[in-house]
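The values are calculated or read from the model by the stated rules, or taken from the named source; none is laboratory data. These numbers were taken from a predicted model, which means no experiment stands behind them. Here the Cβ is made from the backbone with ideal geometry for all residues, glycine too, and neighbour counts use every protein chain on show. Ligands, DNA and RNA are excluded from the accessible area calculation, which covers all protein heavy atoms including side chains. Shrake-Rupley method; radii C 1.70, N 1.55, O 1.52, S 1.80 Å.
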Amino acid sequence: MKKLLPVIALLIFGCSEQQTKPQSHLEPVYSKQYRDHAMTAIVSLSETNLPSSGKIILMLEIHTPAGTEPTFPNIGNKIDPFSLGEGYTEPVQTLPNGKQMYRRVWQLLPSLPGKTVLQPLELSAGTDSITTEPIPIEITSLIPEGTDSLEIRDIAAPIELLPSQEKKRRSIYTVVGSLFILSLIPFIIYLLRKPKTVAVTLPHEAAFQALENLPENTVERIHELNRIFRTYHEARFGLPMIGKTAVELAVVLEDTAIISFLERCDDIRFSNKVPEGFAEEAEQFVRAYVEKTMEVPE
């Protein structure tokens, strides 16, 4: 019983379990694709409505024929009143269609709250050129509304208790706390002795459950099918797929059907346009792949 009392006290006074928020999937809030002959450009923003303490991740991606290097704009002249934070340039990648992909990423830091516009960007590669559309952005203040209004508050200090009253209050709190702890002892003993059962969900079971709850919107349906396929393949075969592009996975995957499916999902992710009939085709592909490769318990 002496060993059990510290555990009881910890459960009563020190256990305040807070559920950790899951990290949101890093999907861009704004993404638009432009094309001029053999040149393709994709502009993505992580946020378009953010507090003044936040930041925007701006990504420019340009696809050009092999040997044609694109020209990126001077971002510092186009982002007023934002300032530039950290940024980086990714290594050039060769796409399955033979084109080369150039990608640069910047952090945009807001200054004052209000509505502003990200100015059009001029991109070029060889004889092809693209001018992007302006993007409206709204910065909200961290200061709550109405804090500048007058508020009447009582400045009088609370009445202090007499020593005898303080002693009586502490005694009451001690008795009530002791009775509460003693009443919990049988319940805690029951919890400690109760065997714990952990339900194990196989990867294909989780995939089939998710396939039964697909969203109606075709763009959202393709995003969910892409997530279901990647999550199942990663859990079933141990190959990390979450957060990787089809180009990165093409190096380690040998199945051309899987690579083609992931490439089309990546294209829809940036264009937000689903070809006619592809939603049904994608669902059939994912369902058939899970049925073909699912783990059968012995």
I'm told residue 214 meets every condition in (1) more than 21 Å from residue 202 (Cβ to Cβ); (2) assigned to a loop (DSSP other than H, G, I, E, B); (3) modelled with pLDDT of 90 or more except one. Can you identify the failing condition by its number?
(1)
Filter result for the condition that a residue is surrounded by fewer than 16 Cβ atoms within 10 Å (Cβ to Cβ), outside any helix (DSSP H, G or I), within 22 Å of the chain's Cα centre (by Cα) and of a type outside the set (Val, Ile, Thr), over 275, 240:
240
Would you mind stating whether residue 218 is under 30 Å from residue 61 (Cβ atoms), in contact with a helix residue (DSSP H, G or I) (Cβ under 6 Å, 6 or more places away or on another chain) and β-branched (Val, Ile, Thr)?
yes
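Specify which of the listed residues (251, 200) is open to solvent by 90 Å² or more (accessible area, probe 1.4 Å), over 30 Å from residue 92 (Cβ atoms), in a loop (DSSP other than H, G, I, E, B) and of a type outside the set (Ser, Thr, Tyr). First the steps, then the outcome.
On the way: 251 fails: over 30 Å from residue 92 (Cβ atoms).
One residue alone meets the criteria, 200.
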Filtered residue count, segment 278-298, keeping only those that are open to solvent by less than 40 Å² (accessible area, probe 1.4 Å) and over 19 Å from residue 232 (Cα atoms):
1
As an exercise: evaluate residue 188 against (1) open to solvent by less than 70 Å² (accessible area, probe 1.4 Å); (2) modelled with pLDDT of 85 or more; (3) assigned to a strand (DSSP E or B) and give the number of the one condition it does not meet.
(3)
Any residue in segment 76-95 that is within 15 Å of residue 119 (Cα to Cα) sitting within a Cβ distance under 7 Å of a residue that is in a loop (DSSP other than H, G, I, E, B) and modelled with pLDDT of 90 or more? List the pairs, counting only those 6 or more apart or interchain.
none
